[in-house]
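These notes concern the structure reproduced below.
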Amino acid sequence: MPMKTGMIYGGLTAAPCTKVQGFVPLGPSGETIPATLINGVGEGRTVLVSSGIHGSEYPGILTAIELAKELTPEQISGQLILFHPVNTAAFYDRRSYINPIVGENLNRLYPGSPDGSMAEQVAWYMGEEYHKRVDFVIDLHGGDIPETLPPYVYAPGVGDPDVLKASMEAALLVNADYLVKSKSTTGFYNSCAIQGTPAILIERGSQGIWSRDEVDTYKADVKNLLVHLGILNGAIRQPSKKAYVLTNVVFLDAPVSGCWLPEVTLGEHVKKGQRLGIITDLFGSTLTEIRAEFDSIIISFAVSLGIKERDQLITYGI
């Protein structure tokens with residue numbers, strides 16, 4: 001059997017059977033992010049657990065911080081990388097979605113470009129240094145400061161069939177109300193899948209708050225996935241309820257800036273043509289009505305009164 005070797009990511013090195021923590025570069029941005037490398041006692045897969053691409057999605061960030069502290073090399077067969085969080089600048093600034101250093105929403109820019117904007121270069125670097133070099137990616141999210149949502153999980157729908165199958169098998173183990181089979185070709189986890197690395201995205205928590213119950217449930221889900229992937233000892237546990245699978249989902253951004261007045265609730269079943277809310281100007285005059293394109297379920301929506309054009313507004317699907 002070959003001798004187990006060290007793992008090197010972002011200039012951080014973990015010798016066999018060790019855990020190393022430190023800061024690694026966020027591509028060419030000049031920013032560094034906290035990372036933990038755990039090089040286990042046995043051979044196995046390499047898994048990346050990423051949190052805080054959006055810096056105010058707190059349950060996932062605290063989940064990654066606590067797992068990075070609690071897990072030991074003796075528990076791991078393989079290698080585990082944890083980011084906690086990726087968007088450190090937004091975390092400290094309490095900013096929604098945007099990385100203030102690069103000025104863009106990183107999650108919308110993958111796979112990025114080595115010759116693009118600073119943010120696109122960051123996305124490209126993350127893909128080259130991490131996404132393409134690991135065997136599975138678990139991306140932890142939640143509702144940001146201005147949005148509300150239930151627990152749900154995304155699985156990619158574009159890519160090699162074996163990659164999509166591995167991603168879906170993992171997604172089905174998450175405790176969630178909904179499972180979205182994505183058709184998108186952009187975004188962190190979708191980009192991973194298209195490039196050949198199975199990946200899922202989990203959403204838990206919202207409105208810029210966190211609770212101990214949310215974090216504990218998140219940690220249990222991630223540990224269960226690590227058991228499923230063979231790098232953590234234990235028995236695989238099935239979720240307490242089966243997630244409702246959504247295959248046709250609309251992610252609607254605000255068409256204009258103004259005041260957003262939603263007229264629906266989370267989980268509400270709406271009919272085609274039903275009004276979901278309106279956007280008014282600052283004098284209260286209606287600028288636009290938002291209506292459902294088809295019979296569907298409300299998955300998430302903005303809770304902030306103020307809304308800018310192209311901000312995330314509402315998500316629904318069936």
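The values are calculated or read from the model by the stated rules, or taken from the named source; none is laboratory data. What you see is a predicted model; the values in this text were computed from it and never measured. Positions of Cβ are generated from backbone atoms using ideal geometry, with glycine treated the same way; all protein chains shown enter the neighbour counts. For the accessible areas, the whole protein counts, side chains as well, though only heavy atoms, and no ligand, DNA or RNA atoms are used. Shrake-Rupley method; radii C 1.70, N 1.55, O 1.52, S 1.80 Å.
Summarising the strand pairing of the chain, around 65 percent of its internal DSSP beta bridges are antiparallel.
By average Cβ neighbour count within 10 Å, what is the ranking of 5-14, 276-285 from highest down? Working shown, then result.
Details: 5-14: 16.3, 276-285: 13.6.
Result, highest mean Cβ count within 10 Å first: 5-14, 276-285.
FRET efficiency for Asp160 and Ile236, Cβ-Cβ distance as r, R0 = 25 Å, nearest 0.05? The formula returns an efficiency of 0.55 here.
Here each label is just a point 7 Å from Cα along the line to Cβ, and for Met118 and Ser285 those points are 4.0 nm apart. Once R0 is set to 51 Å, what does the formula 1/(1 + (r/R0)^6) return for the Cβ-Cβ distance between Glu293 and Glu70, expressed as a FRET efficiency to the nearest 0.05? For Glu293 and Glu70, the calculated efficiency is 0.70. Each of the peptides 83-90, 15-22, 101-108 was scored by the mean count of other Cβ atoms within 10 Å over its residues; in descending order, highest first, they stand as 83-90, 101-108, 15-22. Residue-wise HN-Hα couplings along the stretch 268-274, as the Karplus relation 6.51 cos²θ - 1.76 cosθ + 1.60 with θ = phi - 60° gives them from phi, are 5, 8, 10, 9, 3, x, 5 Hz; Gly and Pro carry x. The equivalent ellipsoid of the stretch 145-269 has semi-axes of 26, 20, 13 Å, largest first, where each one is the square root of 5 times an eigenvalue of the Cα gyration tensor. Segment Thr18..Arg133, full-extension length gain: 39.5 nm, with 0.36 nm per residue of separation and the alpha-carbon distance subtracted.
Spin-label pair Val250-Glu309: with each label point 7 Å from Cα along the Cα-Cβ axis, the two points sit 2.0 nm from one another.
Tell me the carbon and sulfur percent of the accessible area for the chain, rounded to whole percent, probe radius 1.4 Å. Provide the component values of the computation, followed by the final result.
Working: 7180 of 13380 Å².
That fraction is 54 percent.
Computed from phi, the 3J(HN,Hα) profile of the stretch 176-191 under the Karplus parametrisation 6.51, -1.76, 1.60 (θ = phi - 60°) reads 8, 6, 9, 10, 9, 8, 7, 10, 6, 10, 10, x, 3, 6, 5, 4 Hz, with x in place of Gly and Pro. Stretching the chain fully between Thr186 and Arg212 yields a gain of 6.2 nm (0.36 nm per residue, less the alpha carbon separation).
Applying both filters, DSSP loop and at most 15 other Cβ atoms within 10 Å, to the trypsin sites (Lys or Arg not before Pro) of the stretch 182-260 gives Lys183, Arg237, Lys241, Lys242.
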